[in-house]
1. Looking at the stretch A:173-272, which trypsin sites (Lys or Arg not before Pro) are in a loop (DSSP not H, G, I, E or B) and have at most 14 other Cβ atoms within 10 Å?
2. Which net charge results when you count Lys and Arg as +1 and Asp and Glu as -1 among the other residues whose beta-carbon is under 14 Å from that of A:T562?
3. Could you list the GluC sites (Glu not before Pro) in the stretch A:525-593 that lie in coil according to DSSP, counting only those with at most 11 other Cβ atoms within 10 Å of their Cβ?
4. To the nearest 0.05, what FRET efficiency results for A:A106 and A:E564 with a Förster distance of 51 Å applied to their C-beta separation?
5. If I take R0 = 30 Å and measure r between the Cβ atoms of A:S293 and A:Q352 in this structure, what FRET efficiency does the formula 1/(1 + (r/R0)^6) give, to the nearest 0.05?
6. Hey, what do the phi angles of the stretch A:410-427 turn into as Karplus ³J(HN,Hα) couplings, whole Hz, using 6.51/-1.76/1.60 and θ = phi - 60°, x for Gly and Pro?
7. What chymotrypsin sites (Phe, Trp or Tyr not before Pro) does the stretch A:494-548 have in DSSP loop regions with at most 13 other beta carbons within 10 Å?
8. Over the stretch A:212-312, with every protein chain in place, what whole percent of the accessible area is carbon and sulfur at 1.4 Å, could you tell me?
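The values are calculated or read from the model by the stated rules, or taken from the named source; none is laboratory data. Fair warning: this is a prediction, and the values are worked out from it, not measured in the lab. Positions of Cβ are generated from backbone atoms using ideal geometry, with glycine treated the same way; all protein chains shown enter the neighbour counts. SASA here: full protein model, heavy atoms, side chains in, ligands and nucleic acids out. Shrake-Rupley method; radii C 1.70, N 1.55, O 1.52, S 1.80 Å.
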Amino acid sequence: MKKSDTNSNLYKIRHSLAHVLAQAVLEIRPDAKLGFGPPIDSGFYYDFDLTEPLSPEDLPKLEKRMRHIIKTGQVFEHEELEQTQMVQLLNKDNQSYKIEQAEDLAANNETLSLYRNGPFWDLCEGPHVETTRDIPKNCFALDTLAGAYWKGSEKNNMMQRVYGLAFETGDELKIYQEKRRLAMERDHRKLNTKHHYFSISEEVGKGLPLWLPNGTVIRDELEKLAKETEFLGGYKRVSTPHITREELFQTSGHLPYYEDSMFPPMEMDGERLFLKPMNCPHHHMIYKAEPRSYRDLPLRLAEYGTCYRYEQSGELAGLLRVRSMTMNDAHIYCTTEQAKAEFIKVMNLHTQYYKLFGLSDFWMRLSLAEENAGKFVDEPELWQKAEKLVTEAMDEVEIPYEAVRGEAAFYGPKIDFQVTNVVGREETASTNQLDLVMAKRFGLTYIASDNEEHTPIIIHRAPLGTHERFVAFLIEHYGGAFPTWLAPVQVRVIPVASAFNEYANSLNESLFGSFVRTEIDDSHDSFGKKIRSAAISKTPNLLIVGENEQADQTVTWQRYGTKERQTLDFGAFRNLLQEEILQRRDWRTVAQD
RNA sequence: GCUGGCAUAGCUCAACUGGUAGAGCAGCUGAUUUGUAAUCAGCAGGUUGUAGGUUCAAGUCCUAUUGCCAGCUCCA
């Protein structure tokens, strides 16, 4: 929850519940050491260091104890203490983490305060409800157990975190739980079991998805979209190898700054080769392959490039986090004067794509470097210049964003498009980066009109991100019901009885011959069953044909998810469909406009 | 990678405190020929993730291992 909400009733309820939870845990695990226990967007959590871990079966027990504590109406009392007194008190309870926290707070000259309720007390700045009776009866539920590092650093101890859901009323809690349940239904991994987009097999390796025919259709359609758009945007297409000699990644700085995320090298003939984690070094080499003049700029090199990154095993998740990925990558080499305009063009391209998919639930993050983090190329002046350029461009297009330190690429600031997946986890869907560092490292130059050598500015951009993540998002965004142009199967022809199979088949073949992805349901199932199967398949267009249609050479057209249908001439249907596909229209969002 | 949990047929799930695996859907075969969400009947499908161990007996208990899930850390 935001700091600004601290005085809201909801904040107090959640914060107080965290204390009640800690009290309940201490009842069953008296030696528990307390960590942090803040309110969060959906409720609260509390971290504990336990000698004997809690198991999911403990949650109902804890919940029962919490309800009991609430009923006794414990009063929350506030008290401020000097550091020595506070540490003494904490020491008596053997709360070593809290002592560390108290010392940190004191070092920052913050007031040390505690809250007591009943037998429990906690180092805490509040605020809380007056008494535990102010916590509505059924407004909370313990949710899950998880691990969490003390102070969020993997160098520290792993503690056990208990998550709880909490709202102002029981009804709000129920609504939240139902919403979450519905969201789970859209999980791309869940929809995948039904619609077969991809497969991750143990034999091939984790994080290395196999794209099945249905998923490949979506990939190919996205690629087609990107190629057409980039062609019109003046990009040139290139293609580069998946493995590369060590030296290139030394030059690029990937080995010093990014090696943790790279697969270990292959050794051959006395040299070391790496799988590429990004496409940029290769594009830079293409830039370098011939002398460049200012007349060549902006030079826009585009590639759907496949990269490999050694993500930690616990981070892999379906298609959202993988180890082999194909990026909608391009690098724009331009002069300083051109940079802002090029950056703006790229931002507009993002907007254009997001509008096409009807994606509106995202926020933009300006990811900046952090000093002395060791993760960023050490060129303070260039960073400053790049940040200024990006900020100005963003202000000019008037797109709101939030700046976050420490999230930049190692070679420059980024504008990331942040989206949340169905489970509520935030991910970067697209990215745009301004890079003043690489051109220098690679010795990229162009001859300007002054007949002198200059260094170009580079813009890295991936508005469609990677196929893996973007397709995962689209599956969840559309809930598996894709618009016609993206749908693995665009049309299903359904004869009402086998007597019309022949007519249905002629339509099917005719559409197929026009490059429409079509199939026919000539099974022996009842008509009702065929309609049901078609609905479950989420095929966007159904063509129903029977005696009437056959006699008139017409089709009855029904959209997925609707009851309305229209009967029209087959040729007319085909024209409408082809136009819709060509224009990549989603009739559902078009209707809303 | 770390903490916790889970693993039974293609999918969703069953099998009491250990007694030798069962259903629905999907699939296949046959009958049915149907105008908007499940026609009927039959058949087939599993060394219970893998490897050890305890036991007269293991899906069930123990150990290891692999994979998956949630979270932390990390990121397109």
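1. A:K206
2. Working: positive: A:K538, A:R559, A:K563, A:R565, A:R588; negative: A:E564, A:D586.
Summing Lys and Arg as +1 and Asp and Glu as -1 gives +3.
3. On the way: sites: A:E547, A:E549, A:E564, A:E579, A:E580; in loops: A:E564.
Those satisfying the criteria are A:E564.
4. 0.15
5. Calculated value: 0.50.
6. 5, 10, x, x, 10, 10, 9, 9, 9, 10, 10, 7, 4, 7, x, 7, 8, 9
7. Of the chymotrypsin sites (Phe, Trp or Tyr not before Pro), the ones in loops of the stretch A:494-548 whose Cβ has at most 13 other Cβ atoms within 10 Å are A:F515.
8. Answer for the stretch A:212-312: carbon and sulfur cover 52 percent of the accessible area.
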